[in-house]
């Protein structure tokens, strides 16, 4: 399409521009809104444009939607430069050039629709017709461009491949890895003619230790390996892992904490299995069910279950489903920016987040992405998963024959946090209403498929009287759980049912005991010295939960009996559905058991193994949940029992594991009878020459204008390329609001979590792609963000990352040494934040802490030899500018060998 009839609008903190055939011109907000209301304008990320214009809802021809239609499952940074790079177009070099570039991008995408070699043509005609019925703004232009827009073809669900059952693999052979073979495999993976660095060689040999045959049951061979940035630990453990998987015929599970590292691991495994077809069989990415597209939910959405703008999302998700590698909607090849273009999180409704799967009863069961990944992992050489999935599978006692025998926990410093969440219990309104809906189904008249027990098992229990009675009893008992509108009824003092009454009593107790300093944020108090009304409410709630537990238990036993009896009517599909229901019932029953245990302890003596507290969860000053929480005082106890002891070999690795004693405590190694091996390899980087740490002493704590000015000054001195880290969202927002326009006028774009309507992963992609951009964020950006090179040259902390003074932290602090416990946590956070700065040997950068009160003992968190200075803000800005000035590249520092301690 040579000439577009539509103008393009570009909105940024630096200004507004509109472009038609006669080029761009600057406009004010009033004119931009008037034009947007009067004609369809070409936009890039309509929600972001609307936010920049101060207008909640703005519609137009969003280029990101068109890109998702033309190139589903293809990566592109959602900026004008990013789309130009993806489409091999010249990128704009100034803000004023972006508006004309948007029209060029639109023309290129529409032109692609007419090309005979368009590789994503299959299914496009059907999708376009459906998008037309949903009133997609691009429909007319796309239909004109597509010469075969009326073609008919096989539907989406017929085009998806089916998975096939495979026989279970034999157990892995018992072998020992030779040192020479491990080093040869490492050399093959690094692909370098020169010998690998000594630190990496030593690390690979330490990692190989876990693949030796274990000597006795419940005594895994465990290695704790701290490897500084630059050692190359990914390839270091992939060398023995792939060698053992190839020779022993077993499966190695590689577990991460962040999705970013999962993606990195997925890419790195191509070195071991370069053939794409072989790699698909050898390497499988596994996540929890809630991450994958549910084809039945997608079908419902595409056939009318989604209305308005959400219907467009459903059709674009359908386009993606035909081209995705594995159906992963959260961190996979679905563009992270696609769901954020729509006002509600439609991907939540397209995944199985509520346990409503009907397994073999689903017409798409043989094409299910979840089932495909589950089966593929059984025979894979490498399974790339996350800490939570590994722990949940172990804790729920999945098939022992498929339990991993060799596990590598990368980002091992997060094991404690992952276990803390996995083995936690929470009786809250949100959890209770989810259980009610799982049993009864949605009670509103909203369109969509039913999800209650009767709907999922109706045809099965119709053949079995005992099962039918149990389902009916469970439905009646579930009516005692909170229903729609529970939060409002409690706030008004009019709860319905025993569980809502308990939540109301919890709320009253929390507000009576919480301090005014917590106003606007979550409130909590210890579950101790509770008054009579709350204890009485807990007893009534426990009785209601017990009444629900009984039919759920009876139903589970009856379904298990059906599997054993194998009646004639129980065909293969029904059996698979019953097996799925048994598993789902099991973990629902476990949750109710945990709730009953928590309620049983209220009013009695405290359990020394657990920490219990009452909480009113709030965000932006608004309540969103109420409940009773329980955590293990030391979550590594259940972790060691459920995960470590059944394994044969476990490697826990990170750049910030800490000293041997701390590492053993935070990884569960000290819960084993056999001592773990501790390995440490220092980073090879020359931090003394390539990094500086600046502690700014004259920014007054609590002074929001001064904090904002400090960030603006330092970002300007660095000319962008800055990652700003905050411990409070409100301060992040306040700083961004004060400085974004100021920086943008100087050509330094500023993005922020919790401000820009963009997911975190995409924000990092945008930041990485533009060396002049800066990014503000919270804890999610302190760890797991890999931005090597010039794009990240300054990291700023608003202050010392002190632990939040919660009930849970206070209990653990008291049990683990007081100030010393806090210092361990803070040093780890500082080390993780500093680790974002230097990712490669030629990286350079400044690490800044805006706090005069940084205790010297905490500075041990940083690599030895790194220069540390306490300076004024003026001095810090000058030091950053001087440090970033062009200079000759520094030689790569020599690398010390690792050391091993028993």
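For the range 211-345, the alpha-carbon radius of gyration amounts to 1.38 times the rule-of-thumb value 2.2 N^0.38 Å expected for a compact globular protein.
Can you tell me the order of 27-39, 210-222 when each peptide is scored by its average per-residue count of other Cβ atoms within 10 angstrom, highest first? Walk me through the numbers before you get to the answer.
Details: 27-39: 14.3, 210-222: 17.1.
Sorting 27-39, 210-222 by mean packing, highest first, produces 210-222, 27-39.
Looking at the chain alone, DSSP beta bridges between its own residues are antiparallel in about 40 percent of cases. Legend: translational diffusion of the range 289-378 by Stokes-Einstein, Rh = Kirkwood radius over C-alpha pairs, 10 °C, 1.306 mPa s; D = 120 µm²/s.
For the range 1-153, what's the relative contact order in percent, using C-alpha pairs closer than 8 Å and at least 6 residues apart? Can you show the working numbers first?
On the way: 209 pairs, mean separation 33.2, N = 153.
Result for the range 1-153 is 22 percent.
Once you sort the root eigenvalues of the Cα gyration tensor of the range 709-805 as a ≥ b ≥ c, which label holds: rounded (a/c under 1.5), prolate (a/b larger than b/c) or oblate (the other case)? Taking the square roots of the gyration eigenvalues as a ≥ b ≥ c, the range 709-805 is rounded.
In nm, to one decimal, how far is the modelled label at residue 857 from the one at residue 512, with both set 7 Å along Cα→Cβ? The modelled label-to-label distance comes out at 3.9 nm. Were the residues from residue 484 through residue 587 laid out at 0.36 nm apart, the gain over their Cα-Cα distance would be 34.7 nm.
For the pair residue 198 and residue 659 in one chain, pulling the backbone fully straight at 0.36 nm per residue adds 163.8 nm over the alpha carbon distance. Note: relative contact order over the range 305-389, using C-alpha pairs below 8 Å and six or more positions apart, is 23 percent.
Before rounding to the nearest 500, sum -39500 (n - 2.57) across all DSSP H runs of length at least 4 in the chain and divide by the residue total; then give [θ] at 222 nm in deg cm²/dmol. Could the numbers behind the result be given before it?
On the way: 36 runs with 395 residues, N = 902.
Mean residue ellipticity at 222 nm (helix-derived): -13000 deg cm²/dmol.
If a/c stays under 1.5 just call it rounded; otherwise compare a/b with b/c (prolate if a/b is bigger, oblate if not). Do that for the range 122-259, with a ≥ b ≥ c from the square roots of the Cα gyration tensor eigenvalues.
Numbers: a/c = 3.38, a/b = 2.29, b/c = 1.48.
The shape class here is prolate.
Fewest to most neighbouring Cβ within 10 Å: what's the order for 553, 515, 229, 677?
Going from sparsest to densest Cβ surroundings: 515, 553, 677, 229.
Normalising by the residue count of the chain, find the relative contact order in percent from Cα pairs under 8 Å and 6+ residues apart.
Values: 1591 pairs, mean separation 128.2, N = 902.
With pairs under 8 Å counted, the relative contact order is 14 percent.
Placing a label point 7 Å from the Cα of residue 90 along the Cα-to-Cβ direction, the residues of the range 22-49 whose backbone N falls under 18 Å of that point are 22-24.
What is the chain by shape, rounded, prolate or oblate, if you read a ≥ b ≥ c off the alpha carbon gyration tensor as root eigenvalues and call it rounded for a/c under 1.5, prolate for a/b larger than b/c, and oblate otherwise?
Details: a/c = 1.25, a/b = 1.08, b/c = 1.16.
The shape class here is rounded.
Taking the number of Cβ atoms within 10 Å of each Cβ as an exposure proxy, the fewest-first ranking of 711, 751, 511 is 511, 751, 711.
Show me 716-722, 119-125 ranked by packing, highest mean number of other Cβ atoms within 10 Å first.
On the way: 716-722: 22.6, 119-125: 16.9.
Put in order of decreasing packing, that is 716-722, 119-125.
The gain in end-to-end length when the residue 31 to residue 734 segment is fully stretched comes to 250.3 nm, 0.36 nm per residue minus the alpha carbon separation. All Cα-Cα separations within the range 442-632 were binned at 10 Å from zero, giving a P(r) of 8, 29, 29, 20, 11, 2, 0, each value a whole percent of the pairs.
Every number here is computed from the coordinates shown, using simple stated rules; none is lab data. Bear in mind the structure is a predicted one, so any value in this text is a computation, not a measurement. Using ideal geometry, Cβ is built from the backbone for each residue, glycine included, and neighbour counts are taken over all protein chains shown.
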